[in-house]
Amino acid sequence: MSDINEKISAFYDGELSAIEVDDLLNIIQKDKKLQKKLSSFSIIEMAINTDYKKSNSIDIFKNKKSSVFKNIWLTHSVTAAASVLLTLTFLNNTDFSRMNISSDSAEKIASAISSVEAQNMAKNSEEYLADHIMQVVNNPKYMQSKNPIDLKNIGYEKNIQDGYNFSKGNEHFQIRIEKRNFGLNKIRYWKHEKKMIYLIPLGDGRVITIYGKLSLKSAMNIADSLIN
Amino acid sequence: MKKTSNDIDSELIKKAKEGNIGAFNFLMNKYYPRVYASLFSFTKSKEDSEDLAQQTFIKVWEQIQTFRGDSAFFTWVYRIAINLAKNFVSSSSYKKQRINTSIEHSDIEISSFADLESLVIHDQHMIKIKDFVSTLPESLKTAFTLREAEGKSYEEISIITNTPIGTVRSRIFRARESIIEYINTELLNNE
């Protein structure tokens with residue numbers, strides 16, 4: 001029995017020969033205990049690769065030095081419902097890791113506001129946001145932005161052959177600009193394996209997504225340079 | 001050549017499309033906890049999350065032929081789950097729909113394990129699992145961490161640790177078994 005368990009462990013890691021796979025699948029299908037073991041492996045993977053310690057969002061309105069945040073309230077074409085929504089988005093960041101999502105922000109917003117319009121807007125925003133993040137981490141082509149982004153003025157070189165990466169020293173990342181703002185009025189960021197995902201609203205209805213190895217400060221500098 | 005999680009999924013999806021319920025079952029058990037966790041964060045209800053997770057995998061089974069592999073499998077599953085959750089929020093007839101659909105799809109059995117579900121919705125339990133890994137014997141911890149956190153193949157781990165591949169496989173398995181034992185004795189018994 002331990003041999004079959006070890007085989008499941010190896011198969012979970014993609015390390016079992018094709019010949020053994022079909023037999024194994026048949027055995028698992030008939031055995032609830034083995035199915036449970038498989039789900040346990042998945043939970044262990046979730047535990048190892050997800051940072052469950054929640055970190056607070058950065059209140060961009062406190063950072064008066066950065067022009068990223070200038071007039072963000074004034075430039076948003078907000079409806080009355082959206083105003084309600086925006087004042088309530090003091091949310092913890094969520095952590096996405098290996099396709100696992102532990103977002104509870106949609107629920108928090110929905111329960112916090114009574115306006116049906118605002119609730120719908122919140123739900124849609126969070127859903128699009130979740131979709132967007134899933135694309136960032138799972139679809140390599142998604143971050144190959146064709147936008148003519150130039151960051152030479154702040155020292156970043158672009159290398160199209162290398163997955164449209166920008167780099168400077170130890171910092172390597174990809175960047176993409178969205179015309180929709182996902183309802184964001186603050187920077188939100190997540191850790192995905194060893195990379196960071198930053199979503200930074202530019203104040204003109206656009207949001208930039210930066211995915212890679214770089215600090216929050218660098219991400220903010222980049223955003224700043226894009227609107228100057 | 002090293003197989004990624006997506007490569008493994010692709011092989012299973014191909015088999016599932018050919019009607020191999022075992023392959024589908026493997027995918028379902030692999031992703032059920034993540035789907036459940038995502039749905040719970042949305043609904044904050046264990047019962048609703050379980051219903052929606054089951055409904056999700058019924059839909060996945062129904063629509064697996066349409067999955068083209070443009071995105072990762074879980075991305076696709078996740079979208080189905082979130083769309084169902086969204087409809088659930090706005091529809092009071094959800095439960096009636098679920099019962100009807102379940103009856104029509106008796107060819108697949110949706111497994112759910114209530115005790116495991118309770119783990120993924122408690123962050124503190126997940127943190128304890130992660131902490132427990134650091135208490136594993138060094139040889140198990142090294143092999144397991146290289147695999148699970150660093151994504152190394154057994155061959156790569158074998159080279160790094162100067163250990164035969166069979167030993168690597170055994171150590172990773174033993175590490176998992178130790179963690180499961182810890183879960184069963186320390187976390188699930190303390191519910």
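Counting only whole DSSP H helices of chain B, there are none at least 24 Å long by C-alpha along their axis and with mean Kyte-Doolittle hydropathy no lower than 1.6. Computed from backbone phi, the HN-Hα couplings of the range A:130-135 come to 4, 4, 4, 5, 4, 5 Hz, rounded to whole numbers (Karplus: 6.51 cos²θ - 1.76 cosθ + 1.60, θ = phi - 60°; Gly and Pro given as x). Stretched out straight at 0.36 nm per residue, the stretch from B:Asp7 to B:Ile165 would grow longer than its current Cα-Cα span by 54.8 nm. Heavy-atom accessible area for B:His122, with the other protein chains in place and a 1.4 Å probe, reaches approximately 70 Å². Indicate the gyration tensor shape class of chain B (rounded, prolate or oblate), computed on the Cα atoms with a ≥ b ≥ c the square roots of the eigenvalues: a/c under 1.5 is rounded; otherwise a/b larger than b/c is prolate and the rest oblate. Since a/c reaches 1.5 but b/c is at least a/b, the shape of chain B is classed as oblate. Sites listed here are trypsin sites (Lys or Arg not before Pro) in the range A:155-228 whose DSSP assignment is loop and whose Cβ has at most 16 other Cβ atoms within 10 Å: A:Lys179, A:Arg180, A:Lys194, A:Arg206. Under the simplified labelling scheme, the A:Asp204-A:Lys32 pair shows an inter-label distance of 6.0 nm, with each label point 7 Å from Cα along Cα→Cβ.
The values are calculated or read from the model by the stated rules, or taken from the named source; none is laboratory data. Since we're looking at a predicted model, the values are computed, not measured. As a convention, Cβ positions derive from the backbone with ideal geometry for all residues, glycine included, and neighbour counts pool all protein chains shown. These area figures cover heavy atoms from the full protein model, side chains too; ligands, DNA and RNA do not enter into them. Shrake-Rupley method; radii C 1.70, N 1.55, O 1.52, S 1.80 Å.
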